[in-house]
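Notes for the one structure printed next.
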Amino acid sequence: MKTSKFEVHSNQNTIFKLQMKFKSFTSLFFLLILLWLNPNFSYGQNSREKQLIETIKREKNDTKKFLRMLSLGEYYKTNNIFRADSMTHVLLQKSRVFDDSLRFAALMYSAEVNEILGNQDEYFRDILACQPFLNRIPSDEVTFKIYRHLGYYHSYSLEFETAKFYLNYAQRLAKRKRNNAKIAETNNYLALNFMFQNNKDSALFYTDQAIQYARRTSNKNILSESFNTQARIYDYFGQVELSVAKNILALEMASETNNIYQLAKYNRELGQSQRIILNLDDAEYYFKQSYDYAKKIVDRRQMGLALSNLGTVYFDRKEYKKAIENTEKAIDLLTQLNDLNGLGEAHNNLGIIYREQKKYAQASSNFNQALVLYESTGNKEKIAGVYHNVGTIFQKQKKYANALNYLQRSIEIREQFGSKNQIYNTYRVMSSVYKDVGNTKESLRYLQLYLDYLDSNTTVQAATKIAELSELYRSEQRERLISLQGDSLERQQQERALTSTKLENSQLRNNFQMYIIFAFLIIIVLAGIIGFYRWNQTKIKQQQREAEMSQTLLRTQMNPHFVFNAMSVIQSYIYENDTVNSSKFLVNFSRLMRLILENSPKEFIPIQTEIEILQKYLETQKLRFEDRFEFKIDVSSEISSEYAMIPPMITQPFIENAIEHGQLHTIEGGFINVTFNKVDEMLQILIEDNGIGRKGAEMNKKSKAHKSMAMKITKERIDNLNKKYRTEGFLIIEDYNKKLETGTKVLISLPYKEDNPKSLDT
């Protein structure tokens, strides 16, 4: 077997490494000069930053001045990571004249900043340098910090039992102090330790524990990190939809606390997941969001990674020029930071782009640089990925021996390290190479390995995704019902308190009657007027609350049926082993579930959102029934597309009836038309279909019962809206073709509402 070009590039690799070191040194030297000239960073200050700097300037005591500088550094960690990084060298230098506690604080600060920046080597160097302080500072807090970080260090080094020892010890310290935030933190790292071992069940168990403990604190940052850890684990094991769902929760927590670093990181990870399931527009949006957030805190590493990820989106769209431009910008940024793993990813992405353009020399050069970078960090999983890509180049060049060599090395590494979900891609390429060389036996063997792995994973993962999404939905419903019950109890307490107050007032009035009858009569009259007014106002408010509760409960009844039918569709694909359509359906269903969960608790939603839900639902049903029917949604120009509001899922039961019980899926040329009109300040919705009609549907008792339930719920929703807004909405159902008694026409009239100053609520 010939020696490949990747094994004779030692001189090139050495030169590349020297270039990286030189750039790192010059960048550090320039930064130190700036710090020497202006240690307080007086440019671009906001009020909090200015306040901290002023206190440092005024402080005469050296120890207190150092502590205030640490506080400034902590502020920069979440607001300007570039300045936080710059301060590490100053703090480490100044800490040398102080005692162990302050020297440890400076070193731990440096470690945490390097961890945020992704400087893995520097981060681990700082942590190992902290170990001597374990004996010099007898403190549970110091021990916890060091052991937590040592746990991650040994986990990353694939020393799993050692990592488990340190993390379990740190957790015992946290439990002794009853510090739920730190217990959650250690559970997250234990979860990652099991993830690196490909132990999915244990990894998910510890993230569940982390989330439980995080919920017991007021610290939403740790809750956000726990959801993100769970998302990472789902992504690691190929369950992309679940990863997206968990990361959205993490993103919401980060938004509530305005944690810019988390927002940058989670948006980028969400973008990566969206790209995997080919939601390229969403992926582009999240990557750009990540870049913008990272720019706010001058986190050039996250900026570089976001640009590199953007390049992959443009690559998927075959916009190769834009893909190369963004990836090269990422390389420039990451080179300044000496981010070896980030640079490895960027060069690997650039190699893939050039490979697709058949520029094999440029592709090989970038893959070689990626290998150098990943080998310097010991990132086995990424090395396996590059070996796979190198193998594909050799295949395209018809250098089959070299191709098989690199592909086999990729498989061997992935069997020992990292996620095994990528192995099946290499199996597929191995099968193709053996086919090219005429080895049918080996080609069929690897093809079977590929198919077996794909079948086992697709079915199980799909089922798991459905179960998790369903559980997420049920959890939301349970929380909503608990909230309603809590409101009811609070209302009962208020009523009892009001009754008690009335009795006391009545007793006072009786006592007062004994002294002045005339005054008593006056008071009675006044009290009667006031009491009637209050009673009337209370009654009106009570009716409004009951109407709102009724609507919420009615929507709660509707949604489980909808979810059940949708999951049945996915289940049918799984049974049919239709991996393409099941994946496509899951993507649609994931988006649909998100829309429903976000909007079903609301009384009104934008009409555009309702239309999007209808479109997603009808598209999934068209896919299920092989385009046996067509649909059309029209909105009158009189309706404000920007402000018009509508009760959520008001039309869905009738559309579901048309498809399921109107037998649209059994006839040719079926259609469903939905029209939104504005008539006399009322929103009118017309739903038409050419199914078997009401008479045909009544032949099926099950469909009859279902339809009547839909009618009952919708009528009650309309009645509640009529009471609240004093309107005369209605529901009318009749045959579409009255002569043949086929098809169905449904007319729904609701109060027209706009979310602007002219709405009904004002």
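The values are calculated or read from the model by the stated rules, or taken from the named source; none is laboratory data. Since this is a predicted model, take the numbers as computed values, not measurements. Quick reminder, even Gly has a Cβ in these numbers, built from the backbone with ideal geometry, and neighbours come from all protein chains shown.
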query: Residues in the range 228-237: is at least one over 18 Å from Gln302 (Cβ atoms), crowded, with 24+ Cβ neighbours inside 10 Å and small (Gly, Ala, Ser)?
result: no
Selection within the range 222-265 - under 17 Å from Ala294 (Cα atoms) and touching a residue at least 40 places away in the same chain (Cβ under 8 Å): Asn259, Ile260, Tyr261, Gln262, Ala264
query: Among the candidates Leu595, Leu614, which residue alone is in the same structural domain as Leu683 (by TED's automatic domain parsing) and in contact with a helix residue (DSSP H, G or I) (Cβ under 8 Å, 6 or more places away or on another chain)?
result: Leu614
message: Please verify whether Lys321 is more than 20 Å from Ser364 (Cα to Cα), among the basic types (Lys, Arg) and without any contact (Cβ under 8 Å) to a residue 60 or more places away in the chain, treating the condition exactly as stated.
response: no
- prompt: How many of the residues making up the range 718-730 are within 19 Å of Val746 (Cβ to Cβ) and either surrounded by fewer than 17 Cβ atoms within 10 Å (Cβ to Cβ) or of a type in the set (Asp, Glu) (or both)?
  reply: 3
task: Determine whether Thr675 is crowded, with 17+ Cβ neighbours inside 10 Å, of a type in the set (Ser, Thr, Tyr), under 26 Å from Ser749 (Cβ atoms) and assigned by TED's automatic domain parsing to the domain that holds Leu731.
output: no
message: Among the residues of the range 138-158, what is the count of those that are more than 30 Å from the chain's Cα centre (by Cα) and more than 17 Å from Glu112 (Cβ to Cβ)?
response: 3
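Let's see how each residue does on (1) part of a helix (DSSP H, G or I); (2) of a type outside the set (Ser, Thr, Tyr); (3) buried (at least 16 other Cβ atoms within 10 Å of the Cβ); (4) touching a Pro at 6+ places or on another chain (Cβ under 8 Å):
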position: Gln51; (1), (2), (3), (4): yes, yes, no, no
position: Thr55; (1), (2), (3), (4): yes, no, no, no
position: Ser71; (1), (2), (3), (4): yes, no, no, no
position: Phe104; (1), (2), (3), (4): yes, yes, yes, no
position: Ser110; (1), (2), (3), (4): yes, no, yes, no
field: Filter result for Leu37 (modelled with pLDDT under 50, aliphatic (A, V, I, L, M) and under 24 Å from Leu333 (Cα atoms))
entry: no
- request: Quick one: in the range 326-376, of everything that is of a type in the set (Ser, Thr, Tyr) and modelled with pLDDT of 90 or more, which residue is surrounded by the most Cβ atoms within 10 Å (Cβ to Cβ)?
  value: Thr327
Check on Lys382, closer than 23 Å to Arg428 by Cβ and not in a helix (DSSP H, G or I): no
- prompt: Counting only residues that are among the basic types (Lys, Arg) and closer than 24 Å to Arg591 by Cα, how many does the range 268-326 have?
  reply: 4
- prompt: For the subset of the range 123-177 comprising residues that are among the polar types (S, T, N, Q) and outside any loop (DSSP other than H, G, I, E, B), which member is nearest to Thr88 (Cα to Cα)?
  reply: Thr143
